[in-house]
1. Only one residue in Thr384, Thr400, Thr376, Thr396 is at pLDDT 90 or above and more than 19 Å from Pro446 (Cα to Cα). Which one?
2. Of a type in the set (D, E, K, R), surrounded by 15 or more Cβ atoms within 10 Å (Cβ to Cβ), over 49 Å from the mean Cα position of the chain (by Cα) and at pLDDT below 90, is that true of Arg415?
3. Considering each residue of region 307-344, count those that are within 24 Å of Leu447 (Cβ to Cβ) and either under 37 Å from the mean Cα position of the chain (by Cα) or of a type in the set (D, E, K, R) (or both), and give that number.
4. Of all residues being at pLDDT below 95 and assigned to a loop (DSSP other than H, G, I, E, B) in region 96-106, which is nearest to the chain's Cα centre (by Cα)? Just the residue, please.
5. Would it be correct to say that Gly388 is small (Gly, Ala, Ser), more than 26 Å from Met279 (Cβ to Cβ) and open to solvent by 40 Å² or more (accessible area, probe 1.4 Å)?
6. Check off (1) on the phi < 0 side of the Ramachandran plot; (2) open to solvent by 30 Å² or more (accessible area, probe 1.4 Å) for Asp148 and give me the number that stays unchecked.
7. Among the residues of region 68-90, which ones are of a type in the set (Gly, Ala, Ser) and open to solvent by 10 Å² or more (accessible area, probe 1.4 Å)?
8. Determine if region 53-67 includes at least one residue that is open to solvent by less than 30 Å² (accessible area, probe 1.4 Å), more than 56 Å from the chain's Cα centre (by Cα), under 18 Å from Asp37 (Cα atoms) and without any contact (Cβ under 8 Å) to a residue 24 or more places away in the chain.
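The values are calculated or read from the model by the stated rules, or taken from the named source; none is laboratory data. Note that the coordinates shown come from a computational prediction; the quantities given were computed from them, not determined experimentally. Counting neighbours? That spans all protein chains shown, and the Cβs are built from the backbone with ideal geometry, glycine included. SASA here: full protein model, heavy atoms, side chains in, ligands and nucleic acids out. Shrake-Rupley method; radii C 1.70, N 1.55, O 1.52, S 1.80 Å.
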Amino acid sequence: MLTADSIIEEKSARALDALPAAIYMTDAEGRLTYFNDAAAELWGYRPPLGKAQWCGSWQLQSADGHPLAHQDCPMAIAIKENRAIQAAPAIAVRPDGTSIPFLAFPAPLRDESGAVEGGVNLLIDISQHRKAEELTYRLAAIVESSDDAIVSKNLNGVITSWNRGAERLFGYSADEAVGKHITLLIPKGRESEEETILASVGRGERVDHFDTVRRRKDGTSVQVSLTVSPIRNAYGTIIGASKIARDITERKDSENRIRMLMREVNHRVKNQFAVILSMIRETNKRAGTAAEFERQIRERIMALSRSHDLLVDGEWRGATLHDLVVTQVQPFSDENRIRASGELIVLSTAAVQYLGIALHELATNSARHGALSNPTGKVDITWTISEGEAPHLRLTWTETGGPVVGKISRSGFGRVVLERVAPSAVNGVGHLSYRPSGIVWTLDAPLNSIEAASRKADL
């Protein structure tokens, strides 16, 4: 016959069995007298009642992962010391080797006289909490070590977090920034951007790669790309925004340089076309046959190409006069018959192009009619820079040992280049003379018209 006490015990057992929390009980010696299904699931097996002692775990570890004897577990301490223990951390190791971190809440059970007759323990599985905690730590470490500025703010625009990247980018420490309004970073005239961003965040929208300008602590401006995302609480309610700001100053500078370079390339290409068209026009006036016209144009364009290669190698900052002379004259003779000497000077891009054409015309004429047309002739190419408030360059081409040269026709393309085209391109004066020993050409030009922006350019 069931007694009132047995009915209450049976109902209590059914209630404990139905609870999702792991619960077990022991006698005064710590032998297990009861455990519910949730406890068996946490342990990973069902320990034998009356034999397993202190805890039903297959094995135990302390919170830091060291082995923990069953007689030293929280339940054993609670019964032995006759006191309840709150939230004692430990790890249950299942037979399959998996580990389940938990919190134990053991308490002694006493009889009517107050003597300990057993114990009851509540185990709370915190594995999901531990995973979330570890994830939080990892994310926090990533945020803190990021080179980007990562800032959070509430929906009122008040800064709530500030990483080291933000300190580096904006100059404010976390203590200086947290609690201040985000307008601390916004230059005058851009306040409406923040209103738009907060409105988008309030609607749950993400603001992605928004390029703008922000203000540093020292008052200087910095170009940034912003990515802003809503922050939600555990219930899905938007409570603020996270903002990632990346310094794009270098990118913007690169974009500006590329735009400037493209404009410069466009300008230079147009100049090249103008030079080529001039070549075609002047050559067409003087070429006797179509074959002669084709040969001269090909040679002159190749000469222009050699000058262009020099400029490309020098990243379009210019080229040295010595390199230009060698490049244009080398195809016509060996170095023993051509001597080039003078001070180091870096020519501007325009000077490289037009002086390259002039040197080509001189070398071509010399190879066909002048000093380089026989085995003994020589060419000296020298240049000097005059001193004074307005320094000038004097470039001289001197031929010796060649056949007696008659005057070149005033309508010849070479003479037009040497006396008009090349000199005028560098604001200079060209003079062509015919000596019995060979042709002499001189060019006098202001140094500031012929020299690149920096004579010290690393070419």
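1. Details: Thr384 fails: more than 19 Å from Pro446 (Cα to Cα); Thr376 fails: at pLDDT 90 or above; Thr396 fails: more than 19 Å from Pro446 (Cα to Cα).
The match here is Thr400.
2. Details: of a type in the set (D, E, K, R): yes; surrounded by 15 or more Cβ atoms within 10 Å (Cβ to Cβ): yes; over 49 Å from the mean Cα position of the chain (by Cα): yes; at pLDDT below 90: yes.
So Arg415 fits the description; yes.
3. Let us first name the residues in region 307-344 that are within 24 Å of Leu447 (Cβ to Cβ), namely 307-308, 310-311, 313-329, 339-344.
Filter again for either under 37 Å from the mean Cα position of the chain (by Cα) or of a type in the set (D, E, K, R) (or both), leaving 307-308, 310-311, 313-320, 323, 339, 343.
Count: 15.
4. For region 96-106, the residue satisfying everything is Thr98.
5. Numbers: small (Gly, Ala, Ser): yes; more than 26 Å from Met279 (Cβ to Cβ): yes; open to solvent by 40 Å² or more (accessible area, probe 1.4 Å): yes.
Yes, satisfied.
6. So the condition that Asp148 fails would be (2).
7. Let us first name the residues in region 68-90 that are of a type in the set (Gly, Ala, Ser), namely 69, 76, 78, 84, 87-88, 90.
Scanning region 68-90 gives Ala69, Ala84, Ala87, Ala88.
8. There is no residue in region 53-67 that is open to solvent by less than 30 Å² (accessible area, probe 1.4 Å), more than 56 Å from the chain's Cα centre (by Cα), under 18 Å from Asp37 (Cα atoms) and without any contact (Cβ under 8 Å) to a residue 24 or more places away in the chain.
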